[in-house]
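Report on the structure given below.
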Amino acid sequence: MLAKIYSAAVYGIDAYEVEIEVNAAGGSPVIVVVGLPDTAVKESRDRVTTAISNSGYFWPRGRTTINLAPADIKKEGPSFDLPIALGMIAVSEELDGSTLENFSFVGELALNGAVRPVKGVLPVAVEARRRGKRALFVPEANAREAAMVTGIDVYGVQNLRQTFEFIRGESQLEPTRGDMTQFFANHQTYDVDFSDVKGQAHIKRAIEVAVAGGHNLLMVGPPGSGKSMVAKRIATIIPPMALEEAIETTKIHSIAGLLDGENSFVATRPFRSPHHTISDVGLLGGSATPAPGEVSLAHNGVLFLDELPEFKRSTLEVMRQPVEDGKVTISRAAGSVTFPSEFMLVAAMNPCPCGYFGDLKRECRCGPVQVQRYRQRISGPLLDRIDLHLEVPSVEYRDISSDRPEENSAAIRDRVMAARAIQQARFDRDRKTTCNARMSSRQIKQHCKLDSDSQELIRIAMTELNLSARAYDRILKVSRTIADLGGAEAITAEHVSEAIQYRTFDRTLWV
């Protein structure tokens with residue numbers, strides 16, 4: 001007898017349908033799994049048969065062939081346990097095959113038949129809906145995550161017996177419901193706020209400019225000056241995520257296994273802060289099974305690299321492509337996978353190994369060679385891709401002890417959203433350009449026209465500071481953002497002057 005049952009597997013950030021065929025025939029009792037299964041799928045034979053026995057069912061005792069189609073794509077992970085077990089029971093019980101046609105199943109089985117959670121349930125739910133399936137059966141711990149996809153019934157199951165009894169109509173299950181609107185309303189809040197930051201008005205202004213245009217940012221200052229504190233609050237002034245952004249971001253986090261019952265959907269901007277010991281694979285993604293790295297987990301949010309010179313130079317250099325292109329492609333022998341990585345890069349560092357070079361209150365203990373060697377750990381090409389460079393001085397006592405209320409994140413975010421609205425109207429015909437930082441060379445020529453005073457100002461800056469052509473484009477983009485924040489139609493010398501101010505620090509440090 002032959003039984004067909006449907007499941008899905010993840011490739012990149014999307015899923016594809018997997019048709020599982022279970023065929024029982026005479027001969028010696030053996031179970032054969034074909035269709036490019038990996039080790040975890042092959043091992044499912046022992047898990048599945050034990051779970052079936054402990055659930056009170058039987059499996060075919062002759063030669064059982066399990067085919068995972070399409071056969072030319074490698075199948076990975078334990079998520080096929082549940083559908084394989086149901087297919088084997090269906091063959092043994094001679095269940096009508098039409099009963100399973102409109103369902104899709106994913107889940108790992110424990111030896112006692114319990115269904116354990118798996119990764120990547122959200123893209124699986126999206127694919128099941130696209131395929132026109134009536135219902136999706138997932139582990140109970142993954143039900144809330146999958147229920148965020150409307151248009152398909154999602155059933156969270158606890159064990160194998162409960163699932164099969166429901167399929168045969170012997171018991172009832174209530175589908176899990178997800179209210180996306182209510183979830184967003186309850187979870188689009190942050191635990192931190194810019195009102196916690198005392199003083200540092202010029203730093204807040206620069207960060208507002210950076211966020212308004214989606215520009216990358218480097219902060220340089222002594223220890224304790226508040227670089228990390230400010231960085232953790234940047235996500236709070238980025239405009240709230242749209243539904244499409246939230247779904248795409250949640251897919252990536254689901255594939256990485258970062259979701260749980262309480263946090264079943266990503267409703268706020270991600271903030272990722274990897275340690276400086278991270279490897280190339282950890283930052284970009286990869287391994288034998290291509291998985292998203294930190295640059296993809298920060299998609300639509302903030303990637304914060306603290307102590308930037310402490311990162312391996314090779315690790316920083318491989319990050320240049322995702323910073324520039326907004327995506328990262330991982331190539332392996334089995335094929336290539338592309339993950340999105342449109343994030344705002346925020347980096348922080350000390351000016352020297354001891355941290356007090358140029359500080360007016362504490363003496364630097366580093367020699368000139370040490371300082372130069374420390375700064376040269378960061379390459380010029382990477383610095384060129386960072387639009388704004390800020391010097392963050394130590395906070396004054398009068399600012400720390402002041403009772404004066406500081407501007408909160410909501411007020412700053414309102415101004416940022418107003419500037420982003422201007423940019424959306426400007427790039428309405430080009431959906432790929434979401435903010436000023438993503439402008440192409442053609443768009444820079446079209447939207448960043450300068451008057452004679454501005455042209456002379458930027459010419460002097462380019463000559464005196466020896467800036468690169470990429471730095472020139474960055475200045476124009478930042479100038480356009482500053483003009484948008486002020487509601488100005490044209491870029492003036494004042495806007496260009498402020499933008500140049502945010503570019504000079506890299507040359508005074510690294511020349």
Review point. Under the definition of Cα pairs under 8 Å and six or more residues apart, what whole-number percent is the relative contact order of the stretch 222-350?
Key: 25
Point to revise | Accessible-area ranking of Glu489, Glu127, largest first, probe 1.4 Å | key: Glu489, Glu127
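If each DSSP helix of 4+ residues adds -39,500 (n - 2.57) and the sum is divided by the residues in the chain, what number results at 222 nm, nearest 500 deg cm²/dmol?
Numbers: 23 runs with 198 residues, N = 511.
One gets -10500 deg cm²/dmol as the mean residue ellipticity at 222 nm.
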Review point. Accessible surface of Tyr6 in the full protein assembly, 1.4 angstrom probe, to the nearest 10 Å²?
Key: 40
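State the extension gain, in nm to one decimal, for the chain segment bounded by Leu465 and Ala488, taking 0.36 nm per residue of separation less the distance between their alpha-carbons.
On the way: separation 23, 0.36 × 23 = 8.28 nm, distance 2.74 nm.
Result for the pair: 5.5 nm of gain on full extension.
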Review point. With every protein chain present, what accessible area does Cys352 have (1.4 Å probe, heavy atoms only), rounded to the nearest 10 Å²?
Key: 0
Exercise for review: Leaving ligands, DNA and RNA out of it, rank Leu259, Leu382 by accessible area with a 1.4 Å probe, largest first.
Suggested key: Leu259, Leu382
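Suppose the chain between Glu101 and Gln188 were pulled fully straight at 0.36 nm per residue; how much longer would it get relative to their current alpha carbon spacing? Please report the intermediate quantities before stating the final value.
Values: separation 87, 0.36 × 87 = 31.32 nm, distance 3.82 nm.
Here the segment from Glu101 to Gln188 would lengthen by 27.5 nm.
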Review point. When you count, for each residue, the other Cβ atoms within 10 Å and take the mean per peptide, how do 311-322, 294-305 rank with the highest first?
Key: 294-305, 311-322
Exercise for review: Take the alpha carbon atoms of the stretch 328-359, find their center, do the same for the stretch 365-389, and report the distance between the two centers in whole angstrom.
Suggested key: 15
Review point. Length gain on complete extension for the stretch Ser401 to Gln455, per 0.36 nm per residue less the alpha carbon to alpha carbon distance?
Key: 15.1 nm
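Given R₀ = 35 Å, what would the calculated FRET efficiency be for Asp196 paired with His276, taking r from the Cβ atoms and rounding to 0.05?
On the way: r = 25 Å, r/R0 = 0.72.
Given R0 = 35 Å and the Cβ-Cβ separation, E is 0.90.
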Revision key, fill the gap. Here D for the stretch 20-127, in µm²/s, from Stokes-Einstein with a Kirkwood Rh over Cα pairs at 10 °C and 1.306 mPa s, works out to 112
Review point. How much accessible surface does Leu450 have with a 1.4 Å probe, in Å² rounded to 10?
Key: 30
Check your understanding: Roughly how many nanometres apart are two label points built 7 Å out from the Cα toward the Cβ at Thr338 and Asn408?
Key -> 4.2
Point to revise | Separation in nanometres of the label points that stand 7 Å from Cα toward Cβ, at Thr329 and Ala418 | key: 4.2
Point to revise | Amide N proximity, the stretch 54-76 versus Glu170 label position 7 Å along Cα-to-Cβ, cut-off under 13 Å | key: 55-58
Check your understanding: Taking only protein heavy atoms and a 1.4 Å probe, what accessible area per residue, in Å², does the chain have with all protein chains in place?
Key -> 45
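The values are calculated or read from the model by the stated rules, or taken from the named source; none is laboratory data. Quick caveat: nothing in here was measured; it's all calculated off a predicted structure. All Cβ positions, glycine included, derive from the backbone under ideal geometry; neighbour counts span all protein chains shown. Ligands, DNA and RNA are excluded from the accessible area calculation, which covers all protein heavy atoms including side chains. Shrake-Rupley method; radii C 1.70, N 1.55, O 1.52, S 1.80 Å.
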